[in-house]
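Peer 1: Sharing a structure, written as structure tokens. Questions coming.
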Amino acid sequence: MFPSENTNSSQPPERRSEHNPWDTTTDDSERVEESQDRRTIRSSQLRNALHAPVDLETSAARLYHSLAIVLSSDETDVRAVPNALIRLGTVSRISGDYGTAQHAYTQALDTCSRIGDSLGVAEASLGLGYVYRAQMRYRDAETLFTQARDLYTGLCNDSGLAEAYLGLGYVSSFQSLYQDAEGHFDKARRLCTRLRNDLGVADALIGLGGVYRFQAKYDIAKDFFSQAGEIFGRCGIDRGQADAFFGLGE
């Protein structure tokens, strides 16, 4: 026989005390809600930091992006950390702080490689390549620009591909590999023309002008510098226009 059930209605079912310290149901629920709220706040802070305007006149931008790295250290958001590092690297590189830029890009490159983020690897490689170019480490820069080019090609990312070709053009030119440099700059120019990226076209024209100037082909160089100057002037980019005039002057 099965044991009989206790149907005595005078004895209510056992209930746990509301103040039972071992009853964690309510605490767990509150803890989950608190954790979700914290992640929401962190994500909001991270988005604000990553999209903050870059202020190169002060160190505020770098501090802001450093904060983004700390805020995004949650394991559930693995791409946020390298994205913040790439942003920090770019801010530091443009402001001339190559040590910080190199460290940030290298960390981003390692992280993106580990998690299989091909776009992140390409972006970090491109940024680190620019750092090495500024430090006259042309062979190292060439390796990174080549890696970025191959990744952007596989990703069908023409904008990034154009940047990689520009980088390759400059490091080839600085190593007196003028034929290679001309090919890279011309590919960048064609890509930027198709993308309607006028500033990219102008950058490529400056590069081509330099290639021909180094080979004492001044008439051809003058034509490229003049075209670049017109584009920069139309876009209101004084620095680019000055570079074009400098090329014409030489």
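The values are calculated or read from the model by the stated rules, or taken from the named source; none is laboratory data. These numbers come from a predicted model, not from an experiment. Every residue, glycine among them, receives a Cβ derived from its backbone with ideal geometry; neighbour counts consider all protein chains shown.
Peer 1: Tally the residues that are surrounded by fewer than 19 Cβ atoms within 10 Å (Cβ to Cβ) and over 16 Å from TYR165 (Cβ atoms), restricting the search to the stretch 193-212.
Peer 2: The qualifying residues number 2.
Peer 1: Filter the stretch 95-114 for residues that are surrounded by fewer than 24 Cβ atoms within 10 Å (Cβ to Cβ), over 13 Å from TYR132 (Cα atoms) and of a type outside the set (S, T, N, Q) and give the result.
Peer 2: Scanning the stretch 95-114 gives ASP110, ARG114.
Peer 1: What pairs can you find where one residue is in the stretch 83-94 and closer than 10 Å to ALA108 by Cα and in the same structural domain as VAL121 (by TED's automatic domain parsing), the other is among the aromatic types (Phe, Trp, Tyr) and assigned to a helix (DSSP H, G or I), and their Cβ atoms are less than 8 Å apart, with a gap of 6+ or different chains?
Peer 2: LEU85/TYR105; ILE86/TYR105; GLY89/TYR105
Peer 1: Among the numbered criteria (1) touching a Gly at 6+ places or on another chain (Cβ under 8 Å); (2) surrounded by 24 or more Cβ atoms within 10 Å (Cβ to Cβ); (3) not basic (Lys, Arg), which one does TYR165 miss?
Peer 2: In the conditions (1) touching a Gly at 6+ places or on another chain (Cβ under 8 Å); (2) surrounded by 24 or more Cβ atoms within 10 Å (Cβ to Cβ); (3) not basic (Lys, Arg), TYR165 misses (1) alone.
Peer 1: Which of the residues that make up the stretch 131-148 are under 20 Å from LEU88 (Cβ atoms) and surrounded by fewer than 19 Cβ atoms within 10 Å (Cβ to Cβ)?
Peer 2: Within the stretch 131-148, ALA134, GLN135 qualify.
Peer 1: For residues in the stretch 78-134 being charged (D, E, K, R) and not in a helix (DSSP H, G or I), which is nearest to SER159 (Cα to Cα)? Write out each step before concluding.
Peer 2: Here is the first cut: in the stretch 78-134, the residues charged (D, E, K, R) are 79, 87, 93, 97, 110, 114, 117, 123, 133.
Restricting the remaining residues to those that are not in a helix (DSSP H, G or I) gives 79, 97, 117.
On the way: ARG79: 21, ASP97: 25, ASP117: 18 Å.
The selected residue is ASP117.
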